[in-house]
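Read-outs: derived from the displayed coordinates by stated rules, not from any lab. Keep in mind that this is a model prediction, so the values were computed, not measured. Don't worry about glycine lacking a Cβ; one is built from the backbone with ideal geometry, like all the others, and counts go over all protein chains shown.
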Amino acid sequence: MIARLLEGVPRRGLAMLAALLAFLLVFPAFASGYLVSLGFLILYFAYVGQAWNIMMGFAGQLSLGHSLYVGLGAYAAAALYVHFGLSPWIGLFASIALCALAGAAIGFLAFRFGVAGVYFAILTIAFAEFARIGFDHFAWVRGSSGLFLPVANYAENDLWNLRGSPRMFYYLMLGMAAGAFVLCHALLRSRVGYYWRAIRESPEAAQALGVNLFRYRMIAVVLSAAMTSLAGVVFAFYYNNLFPEQIFHVSRSIELILGPIIGGIGTLVGPLVGALLLTGLAEGLGELLLALGVDVPGVKQVFYGVCLLLVVMFLPDGVWPPLARALGLNRKG
Amino acid sequence: MLEVDGLSKSFRGLHAVQNASFAVPQGGIVGLIGPNGAGKTTCFNAIAGVFAPDAGSIAFAGKPIHGLRPDQVCAAGIGRTFQIVKPFAGLTVLDNIVVGALLRSKDVSAAKNYAAEIMERLGLGAKAELPASSLTLPDRKRLEVARALATRPKLLLLDEAMAGLRPTECDQIVAVFRELNRSEGLTILLIEHVMRAVMALAQKIVVLHHGEVIAQGAPQDVVRDPAVLECYLGEETVV
């Protein structure tokens, strides 16, 4: 199994990955609390970027409504915890089921009735917006006044209830990001991975070669939704408050797809590189501006815009493919 | 092996194909010819499941296939190429063919081995790791054929697979089809404008004109048929 996963992966790439993983593992030992939180955020975006990439990067289905799955996942686990004291490790099954169902509903509507391209993207936005407005009036989860998780000072990390320090969340997110990376790597080499890429490149040609478009598109949407829901669970227990206006907002969907776009759509390493660049640089810029005494709201957004513009203009395939070539790795890393 | 009976298809009042009937015998090579707009590709698309016919039936190996989706038609044993080639541009040449091979072997490494065999057969071996987007048109045409063959079809539908090729390239690919037909009993239905290829390959020719079958039979007879000469071959000197 492991030998099979490693087959054909360049030695150099493997060594770099191992070094990166080792670095990420020891990073919290010498980093400040702020840097650990920043590391968490980078890993969070690397993870959701990877999940989104399955749909867009692998199967060619553009979702602009992934905040739906983050939000549903977050709300499901948080509500079960608040109302029934259920551990998020149990609640996450509800999150996964709910998001898989939502993904399947969107996928069914779109793929059964031939909604494709930008219209598909609009459909995903519509569902996220529907959830945003719906949850504003959903009393069981406190509607627009927000759902708060009980917070206290914890003497030690409680992994079972996900109550604890940013360090604990950092390692949790690291495990998830690494798991998603390995999963996507395995998927790309499997039959479903070949079929997804074929559909992405030419649905007609794929179908003429015996690929059931509906089935494989559905697998991509449901899997991507289910993976994204887990990020929502962590999000809820990390931030301890959920507002429909924020979590389902379309800007959240955009935010989470910028990483893989800037890093390189359809590549394995792209979401990680993109998350590192965007989160790291945006935060760094914020710090720098603060140190310089400039406190202008929206600078981060302007920076995002400029970054995106530069990548689109000069690196249309994202940062990773040319970077991989420079490092002497193949395109897919 | 393939029986098309009374096939009709209209597009908003345009009768693309009207009451067309013909058969492709097992192990045979049949050419479908006709002037531009005669309904050849419409026939093909109906057989391949791109759309359902308005009337008529299509049977493959004794079972009706009209109304099936393209992937179901492919799974039933009919491979096709596209007139306007549709390579998976971002994938390598080998991976393009692997997608086809995965239909019959669920195991990726087995599919890769089979795909590599087909690739060699079509003379694309040296380009295995190049992205399909970098191929020239003749190579893209070969890739179309290789991908379709990788699904191990019993019947291969070729939609102008030889158009745009130089005579020597055309002869090469004709030789490949002959060999497949002889050694593996592959049945072929081809749409072709290149008479050189049709005459070299086909054992039987079906002529479509304005969506209707106006003649069918042995190549030598068909190209002398006055109706065919008038509508289609009139100005052309037939080999």
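Relative to the longest principal axis of the Cα atoms of chain B, helix B:137-150 runs at roughly 80 degrees.
Straight-line reach from B:Lys9: taking Cα to Cα under 19 Å and skipping same-chain neighbours fewer than 8 places apart, the lysines in range are B:Lys40. Extension gain, A:Ala19 to A:Ala31: 0.36 nm times the residue separation minus the Cα-Cα distance gives 2.6 nm. For the stretch B:87-148, the pair-distance distribution built from all alpha carbon pairs, in bins 10 Å wide starting at 0, is 27, 60, 13, 0 percent. Across the stretch A:23-36, rounded Karplus estimates of 3J(HN,Hα) from the backbone phi angles (6.51 cos²θ - 1.76 cosθ + 1.60, θ = phi - 60°) give 4, 5, 6, 8, 3, x, 5, 10, 8, 6, x, 5, 5, 5 Hz, Gly and Pro being marked x. Measuring gaps between exposed loop sites in chain B (GluC sites (Glu not before Pro); DSSP loop; at most 12 other Cβ atoms within 10 Å), the longest gap, sites not included, is B:1-128. Taking 16 Å as the straight-line reach from the Cα of B:Lys112, the aspartates and glutamates in range (excluding those fewer than 8 positions away in the same chain) are A:Glu7, B:Asp95, B:Glu120, B:Glu129. Couplings for the stretch A:212-225, taken from phi via the Karplus curve 6.51 cos²θ - 1.76 cosθ + 1.60 with θ = phi - 60°, read 7, 4, 4, 4, 6, 5, 4, 4, 4, 5, 5, 5, 4, 5 Hz in order; Gly and Pro are left as x. For chain A, the alpha-carbon radius of gyration amounts to 0.99 times the rule-of-thumb value 2.2 N^0.38 Å expected for a compact globular protein. Once the C-beta distance of A:Ala326 and B:Leu14 is scaled by a Förster radius of 60 Å, the resulting FRET efficiency is 0.65 to the nearest 0.05.
For the stretch A:55-71 versus the stretch A:242-261, the spacing of their alpha-carbon centroids is 11 Å. For the segment A:195-205, counting C-beta atoms of other chains within 10 Å of every residue's C-beta and taking the mean gives 6. Note on chain A: helix-only mean residue ellipticity at 222 nm, from DSSP H runs of 4+ residues weighted -39500 (n - 2.57) and normalised by residue number, equals -23000 deg cm²/dmol. Would you please state which residues of the stretch B:9-48 a label at B:His210 would reach in this model, taking the label point 7 Å out along Cα→Cβ and a backbone N cut-off of under 12 Å? Residues passing the 12 Å test: B:15, B:18.
Structure remark: mean-square fluctuation, Gaussian network model of chain A, C-alpha springs under 10 Å; the largest value among A:Gly33, A:Gly71, A:Gly57 belongs to A:Gly33.
Rounded to 0.05, the FRET efficiency of the B:Thr136 and A:Asn241 pair, given R0 = 41 Å and the Cβ-Cβ distance, is 0.10. Taking N as the residue count of the protein assembly as shown, its C-alpha radius of gyration divided by 2.2 N^0.38 Å amounts to 1.16. Using a 7 Å offset from Cα along Cα-Cβ at A:Trp160, what residues in the stretch A:63-96 end up with backbone N under 12 Å from the label point? Inside the label zone: A:86-90. Here the 3J(HN,Hα) profile of the stretch A:226-243, calculated from phi with Karplus coefficients 6.51, -1.76 and 1.60 at θ = phi - 60°, is 4, 5, 5, 4, 5, 4, x, 4, 5, 3, 4, 7, 7, 8, 6, 9, 10, 10 Hz, Gly and Pro shown as x. When chain A is treated as a Gaussian network with alpha carbon springs shorter than 10 Å, the biggest mean-square fluctuation among A:Leu272, A:Leu86, A:Leu62 belongs to A:Leu86.
Using a Gaussian network model of chain A in which every pair of alpha carbons under 10 angstrom is joined by a spring, one finds that among A:Val36, A:Val250, A:Val115 the greatest mean-square fluctuation is at A:Val115. Annotation: amide H-H contacts under 5 Å for A:Asn241 (H modelled 1.01 Å from N, sequence separation of 5 or more, or interchain): A:Leu149. Could you work out the longest stretch of chain A that avoids the GluC sites (Glu not before Pro) located in DSSP loops with at most 16 other Cβ atoms within 10 Å? For GluC sites (Glu not before Pro) (loop position, at most 16 other Cβ atoms within 10 Å), the longest site-free span of chain A is A:157-333.
Rg/Rh for chain B (Cα atoms only, Rh after Kirkwood) is 0.96. Extension gain, B:Gln172 to B:Ala89: 0.36 nm times the residue separation minus the Cα-Cα distance gives 27.5 nm. Extension gain, A:Trp140-A:Asn153: 0.36 nm per intervening residue step, less the Cα-Cα distance, totals 2.0 nm.
Counting other C-beta atoms within 10 Å, which of A:Ser37, A:Ser145, A:Ser229 has the fewest, and how do the rest follow?
A:Ser145, A:Ser37, A:Ser229
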